[in-house]
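Step one of this worksheet: look at the structure below.
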Amino acid sequence: MVETLLVANRGEIACRVFRTCRELGIATVAVHSDPDAGALHVRLADAAVRLPGAAPGDTYLRGDLIVKAALAAGADAVHPGYGFLSESAAFAREVEGAGLTWVGPPPAAIEAMASKTRAKRLMGAPPLDPAALTAADLPVLVKAAAGGGGRGMRIVREPAELAAQLEAARAEALSAFGDGEVFAEPYVERGRHIEVQVLADAHGTVWTLGTRDCSLQRRHQKVVEEAPAPALTPELTARLQATAVRAARAIGYTGAGTVEFLVDGDEAHFLEMNTRLQVEHPVTEAVFGIDLVALQLRVAEGAALPPEPPRPSGHAVEARLYAEDPARGYAPQTGTLHTLDVDGVRLDTGYGAGDTVSVHYDALLAKAVAHAPTRAEALRKLARALRQARVHGPSTNRDLLVRSLRHPEFTKPGGADTTFYDRHLTGLTADAPDDPGEAHAAIAAALSEAAGAHPLGAWRNLPSPPQTKTYEGRTATHEVRYHRTRDGHTLPGHPGVRVVSARPGEVRLDVDGVVRPYRIAVYGEDPAVHVDTPAAAYRLTPRPRFPDPAPRTAPGSLLAPMPGTVVRIAEGLAEGAAVEAGQPLVWLEAMKMEHRVTAPASGTLTTLHARPGHQVEQGALLAVVRPVQEEKA
């Protein structure tokens, strides 16, 4: 029996495993890097061990230190979570070699599926050799043989792109996984990403727990997942499940795992087997009424599964809330997460109020999961929960999620495919040019602040002009004009809007006869004002009365769009070089993703501060390009 479990991970998955451990009476041990010393998963554990290391992003990859931590804390078992060392056969062997229980499949099974090229050959679907590709093979998807999460993936459509894309994929795969091997497979333009959850014990029983559809992806990383996968024929479902069982039995698999497919019409192409728990496992738990982590632990203890799994019920949808700005190339966002309240659905998160979202790790803040009798009800429930959530801190993809869940292509069962965001992102992230809701939110913000001011501050012996307050919104600047009198507030210049009540943090406005509540929050040194309504949420920035008119940067400056690490600069790039508008010059890595910084205009590179390996803050000057127009002048 497992008595004390160490989770060799961080964040949301560590917190989620600890939750099950508490229910089962198992003591818990957390490990942490220096930036994570005060993280939620550390606060939730019964004991915590620091993992020393100069590079926070690599700390959780030190299997030797994690095993040492487990022994020091008196743990008798290790759960790897997902990511980091979760699919490392070498780490699994280290754990077992130390006399600890490994909560996962046998190392040999991990090894058999660790390389996607080996896995494909095992399943009779050999990959294409990148060195032998011809124009007739295109388009293809180049992928890293090790790892996942979209790292090392490139779509190649034209022969002229092949060499450069192969080299870029190899470089990214080597940086992310320590293995530069890549392979190619035919690129299915409008396929659906379908997977089958398996669970196997050491006594010969293999369960398949339905299907999941994970087609809504950004940069080959999943954003919205659901179970069961809609609009699959019974024949195709049976075929997918049979293939998943065959994969598990072929490698002597035990524990939880996932077999992934790309489905095109009635054809299914085997992609890979993930020998670990998946991020999206909660939708399967909701539909089958089970706890997959509890079952993992029981299988690791040697227990036998019942001959058949429970019967499924209803539909579940999960949305991943990321600290990122989808409208700016999914640029990661960092800073203090002041508030994260999502009611009415399951919320798996690794953050608490006041925690810092750092640049060192993945941008995932939380997973929101809704379960209902039907798919339409689950989508509606999740969209409403996210719409009404209070998420204060770094910018997130919350609005994108809500609009995606309500998009007609996605609400049609089986209508969306893996190109959904490639085709719809611009429309899904576009803001209404004159959003009246934002203007009303600005009024509420100004009245909330005024209500908290000293009463004498608004007193006047003679008639006076209205008070004014200006806010920068997402797409517009809003000037609010109000009078504060002994009878309340009036709003000259805002026809159709009447103040019903106003106190610090809570304002009610009557807009053309409809009364709506507004909740307003401000946090210390954070300049943002957060305004939440039942229908929308707004983030406003007060404009100073006397703004600085001087420009802060020279034209042609390339500024870091987020804090991160410079991983490389364009080959041969040096001061004095001629560059073209849109040409990638610098690559930053932030939150486990690479981001290109491109030339803002054609011209000459006059300054180059970026150096590979350097940490930079958001807004740091990376380079300066003198535009062609200035050179001619």
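A compact table of results
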read-out	value
Restricting segment 90-145 to residues that are among the β-branched types (Val, Ile, Thr) and in a helix (DSSP H, G or I), the residue that is nearest to the chain's Cα centre (by Cα)	ILE110
All positions within segment 567-606 that are among the small types (Gly, Ala, Ser) and outside any strand (DSSP E or B)	ALA570, GLY572, ALA574, GLY576, ALA577, ALA581, GLY582, ALA599, ALA601, SER602
Flag for MET593 being modelled with pLDDT under 90, under 30 Å from ASP399 (Cβ atoms) and in contact with a Lys or Arg (Cβ under 8 Å, 6 or more places away or on another chain)	yes
Enumerated strands (runs of 3 or more DSSP E) restricted to segment 475-526, each holding at least 1 residues that are of a type in the set (Ser, Thr, Tyr)	477-485, 488-490, 497-503, 514-523
Residue that is farthest from ALA119 (Cα to Cα), among those in segment 247-266 that are touching a residue at least 60 places away in the same chain (Cβ under 8 Å) and not in a strand (DSSP E or B)	THR254
Those strands (runs of 3 or more DSSP E) lying entirely in segment 172-228 with at least 1 residues touching a Gly at 6+ places or on another chain (Cβ under 7 Å)	182-186, 192-200, 221-227
Filter pass, ALA378 being surrounded by 23 or more Cβ atoms within 10 Å (Cβ to Cβ), in a strand (DSSP E or B) and either on the phi < 0 side of the Ramachandran plot or in contact with a Lys or Arg (Cβ under 8 Å, 6 or more places away or on another chain) (or both)	no
When residues of segment 497-526 are limited to those that are of a type in the set (Asp, Glu) and closer than 17 Å to PRO436 by Cβ, the one surrounded by the fewest Cβ atoms within 10 Å (Cβ to Cβ)	ASP512
Checking GLN333 against (1) free of Cβ contacts under 8 Å to residues at least 24 places away in the same chain; (2) of a type outside the set (D, E, K, R); (3) touching a Ser or Thr at 6+ places or on another chain (Cβ under 8 Å), the condition it does not meet	(1)
Residue that is farthest from the chain's Cα centre (by Cα) [pool: residues in segment 232-259 that are over 26 Å from HIS203 (Cβ atoms) and buried (at least 19 other Cβ atoms within 10 Å of the Cβ)]	LEU236
Where a residue in segment 184-195 is closer than 19 Å to ALA119 by Cβ and without any contact (Cβ under 8 Å) to a residue 12 or more places away in the chain and its partner, wherever it lies, is surrounded by 18 or more Cβ atoms within 10 Å (Cβ to Cβ) and among the aromatic types (Phe, Trp, Tyr), with Cβ under 8 Å and at least six apart	none
Pairs with Cβ under 6 Å, 6+ apart, first in segment 397-426 and under 12 Å from LEU216 (Cβ atoms), second part of a loop (DSSP other than H, G, I, E, B) and of a type in the set (A, V, I, L, M)	GLU409/ALA416; PHE410/ALA416
Residue count, segment 166-212 (criterion: more than 19 Å from LEU271 (Cα to Cα), charged (D, E, K, R) and not assigned by TED's automatic domain parsing to the domain that holds VAL156)	1
Condition check for LEU162: surrounded by fewer than 19 Cβ atoms within 10 Å (Cβ to Cβ), more than 23 Å from the chain's Cα centre (by Cα) and at pLDDT below 90	no
Residue check for ALA37: out of contact with any Ser or Thr (no Cβ under 9 Å at 6 or more places or on another chain), outside the structural domain of LEU174 (by TED's automatic domain parsing) and assigned to a loop (DSSP other than H, G, I, E, B)	yes
Lone unmet requirement of (1) under 27 Å from THR336 (Cα atoms); (2) touching a residue at least 24 places away in the same chain (Cβ under 8 Å); (3) not in a loop (DSSP other than H, G, I, E, B) for VAL42	(2)
Pairs with Cβ under 7 Å, 6+ apart, first in segment 54-70 and at negative phi, second among the charged types (D, E, K, R) and buried (at least 23 other Cβ atoms within 10 Å of the Cβ)	TYR60/ARG10
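For every residue, the table says whether it meets (1) touching a helix residue (DSSP H, G or I) at 6+ places or on another chain (Cβ under 8 Å); (2) without any contact (Cβ under 8 Å) to a residue 40 or more places away in the chain.
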| position | (1), (2) |
| --- | --- |
| ARG484 | yes, yes |
| PRO492 | no, yes |
| ARG498 | no, yes |
| SER501 | no, yes |
| ASP512 | no, yes |
| ALA521 | no, no |
| GLU525 | no, yes |
| HIS530 | no, no |
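The values are calculated or read from the model by the stated rules, or taken from the named source; none is laboratory data. Fair warning: this is a prediction, and the values are worked out from it, not measured in the lab. Neighbour counts run over all protein chains shown; Cβ positions are idealised from the backbone, glycine included.
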